[in-house]
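Notes follow the structure.
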Amino acid sequence: NDGSETFKYESDITRLRSLVIHSLYSHKDVFLRELLSNANDALEKLRLTALTDRSVLSSGEGNVTIEVNVDERSNGKTGQIIIRDTGIGMSKDELARNLGTIARSGTSEFLKKAEEGQGVDGNLIGQFGLGFYSCFLVSPTVRVSSLPPATTNNPNPEQYTFVSSSTGDSFEVFLDPRGKTLGRGTEIVLTIGEDEAEFLSVDHLKSLIEKHSTFSTTFPIYIKERNISKVPTPHPQSPVEDGDPDEFADDLETDETTPKEENFDEQVEENWIRVNDKAPIWMREPKEVSDEEYQQFYKAVAKDDASESLGWSHFKGDTGSGVSFRAIMYIPSSLPKDFWQKMTSGINNVRLMVKRVFITDDLGEDFMPRWLSFLKVTVDADDLPLNVSRETLQNNRFLSQLQRILVRKALDLFTKLSVDQPEKYKEIAKLYGNALRIGLLESPKDKLKLAKLLRFESTRSDYTSLEEYVENRKEGQKQIYYIAGVGEIAKDLARSPFVEKLFARGYEVLLLNLPSDEPMMASLDQFMGMTTQDVSKKGLKFGDEDEDGAEKKELEAQKVAFKPLIEWLKKDLAGQISDVTVTNRLVTSPCTIIVDSYGWSANMQRIMSAQTDAQDDPMFNMMKNLPKVLEINPKSPLIEGLLERVLDFPQDDSEDDGDVKRVSEEEEDLRETVRVLFDTTLVRSGFSVADPTTYFERVEALLRRSLGVSLSATPQIKIRPAPPTASGPIPEDEEEKVEFDPQSLGSDPSQWMDWKDMKDQMVFDHDEL
Ligand SMILES: Nc1ncnc2c1ncn2[C@@H]1O[C@H](COP(=O)(O)OP(=O)(O)OP(=O)(O)O)[C@@H](O)[C@H]1O
């Protein structure tokens, strides 16, 4: 009994296999990379197991071998490729589970992506851990035999074989009739047909390995080369026969006179050649490594990135506690879609090796600061014991020292790219701008370096740095002006009332729209001797005010002239604003609403409201309700008009009763207008309106007035009520669905209700809810 069992593939697997086969049809050669990467993983797992159980290494250290057997009968057009590793192997259950089921996270996401027609390429396959199925790209049937190492728990493992075709919906697993031929590890036999005959060429396989796998595999890969040489066929040994000696003599004579045609024998010499014999790329001197090689290595470390790295740094370091190391750090070409969600819980992108041996890629959630966790880093330390574990590492000064060095090197890399490759840096600044801003917030000691790396849009340029801003400052200007509005486009921010005067005067204003921008600017506070200033807050200074005494005097005079309006507005808007002032920061806008320099700007209020439990937070409510100041533009015709109307109202003591009534009606009208103006100003200044329904009703009233429509006129609408509450479950059968005649119910207009009654009923329902 070979314990043979037939398993049915999960339906997803069948879909998936055919998807892999179809989508990668033109990238067939990925199969080799994927199988070698699996072999490498299996060897790494073995080595890790050996740290606690030496016995697993009883049959020697690991390697991978590749053998090509050509079927001579087909003239070399068909054959087999056999890939063996001496890694951790798989038991019977593991063969069935690992190769036949897909209880792996991300698979359904993969299927979804693929079905949505998003590019399914080799990298996507790797990313979702579907590498094994790529062997069906070149082989209609696949045989995998595997033997796990003997361990103390399992001293006598058996060798099992898994067989599957590329199309069938089931696979078989049985005890290998050959016995334990493998010693340890896994053997994959691919059957190569005529269409894939190119893969039977050892030279072709060698070049594929060189292209894809030299960097991703740290174990030796050997390929069997056959050298066929022709050697003359040795002359047949003269049979020393009993018989006529003359006959033998005759033959000899004949040979001398007419030499016999020379025959050759093919002599096959087989050698195992090491394919990946180059030192790993990080061990080489940077000047000896080409850009192409760096990019190839990047492909090996960043399976989830289909494009090239945007930049890298390759360096030697010494942690100061006696551990020297070499490292390569890459900036990926894109951020994973879920980067910002995952960032809070930490992403492990650092692979730690010790003396070329992979140790772990889990150095703990906060090993790298989260804002740099996108970097793909390989570190190979020389002087750590091979059996370090994450726990021992965490108590080791090495890790914290390494972290500091990696952060410094990352900042150096960004800085170097910004200087040497400004075009490339544009891309980087766009992609990683938010991360760098968060870095500035979280890493105070790197503030200045990070600030120099940031790029912004401004009223002067669509790509500028703070250093450039400082260079372009106006005489006397001591503030870096900015306006922030999350998610808004720069062009709209530039048209904000807060910006208009600065813009008109020729001052540059940074237009910030990332969520991290405003807190970052506030935290930066100073840059090269200038302070940062939110133009929507109090405290804005041009720097040339004092020299221009006339302007100041004019403002003082306006304050006096507009006093009646200011007082009237203060009274009317009491509770909503703390003060009304005359401003000269506006050009065309009639007014704005600003907050104190320590209060939250409108943008910040929006950011904070988005936090889940913000509304219940007393701090949030306190900050949200901090006083706002209404600033009016004395040059605006609208404000001048308002002043005139207010001045028109008779003073308290000089009215008879009739006048009072007329005045209060006029005043009431003006109040309505001012409230619309105030709410509109709130919106223009980035805040939200406290009561949008009342706001819209006021706007409607204004529009009616301007069109001469009666304020009390209501729409003549009758409402057809909904049918009665349905009973029972929703019928499944289409036919049964329509149980009532929609025409019969409420079709009689006499049953319809006046919309106003309906509205009352709705209010009641909502209250109940
Ligand atoms: N040569 C092997 N030795 C031991 N186990 C293997 C070998 N090849 C595959 N496996 C097992 O089968 C599983 C499935 O392999 P598959 O290539 O489909 O995905 P993966 O290795 O998890 O992801 P990826 O393809 O990205 O490396 C592996 O996780 C591993 O457990």
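The values are calculated or read from the model by the stated rules, or taken from the named source; none is laboratory data. The structure presented is a predicted model; accordingly, all values stated were derived computationally and were not measured. We place every Cβ from the backbone using ideal geometry, glycine too, and count neighbours over all the protein chains shown. Please note that ligands, DNA and RNA were not included when accessible areas were found on the heavy atoms of the full protein model with its side chains. Shrake-Rupley method; radii C 1.70, N 1.55, O 1.52, S 1.80 Å.
Out of everything in region 186-196 that is in contact with a helix residue (DSSP H, G or I) (Cβ under 9 Å, 6 or more places away or on another chain) and away from the ligand (no atom under 16 Å from the Cβ), what residue ends up being modelled with the highest pLDDT? Across region 186-196, the extreme among qualifying residues is I192. Which ones in region 49-88 are within 13 Å of the ligand (Cβ to nearest atom), closer than 24 Å to R274 by Cβ and open to solvent by 30 Å² or more (accessible area, probe 1.4 Å)? Scanning region 49-88 gives N63, R84, T86, I88. In region 348-365 there is at least one residue matching the filter, namely being in contact with a strand residue (DSSP E or B) (Cβ under 8 Å, 6 or more places away or on another chain), on the phi > 0 side of the Ramachandran plot and not in a helix (DSSP H, G or I).
Criterion applied to K409, K478, K449 was being at pLDDT 95 or above, open to solvent by 30 Å² or more (accessible area, probe 1.4 Å), within 25 Å of K538 (Cα to Cα) and not polar (S, T, N, Q), and the one residue passing it is K478. Consider region 412-446 and keep the residues that are among the acidic types (D, E) and within 20 Å of M520 (Cα to Cα). The one that is surrounded by the most Cβ atoms within 10 Å (Cβ to Cβ) is D446. Screening the candidates S597, S589 for the property of being assigned to a loop (DSSP other than H, G, I, E, B), open to solvent by 30 Å² or more (accessible area, probe 1.4 Å) and among the small types (G, A, S) yields one hit, S597.
Considered as a group, the residues in region 159-176 that are at pLDDT below 95 and in a loop (DSSP other than H, G, I, E, B) include one that is most open to solvent (accessible area, probe 1.4 Å), and that residue is T167.
Scanning region 1-59 for residues that are acidic (D, E), in a helix (DSSP H, G or I) and in contact with a strand residue (DSSP E or B) (Cβ under 6 Å, 6 or more places away or on another chain) returns a single hit, E44. A504 meets each of the listed conditions (1) aliphatic (A, V, I, L, M); (2) in contact (Cβ under 8 Å) with a residue 60 or more places away in the chain; (3) open to solvent by less than 10 Å² (accessible area, probe 1.4 Å) apart from (3).
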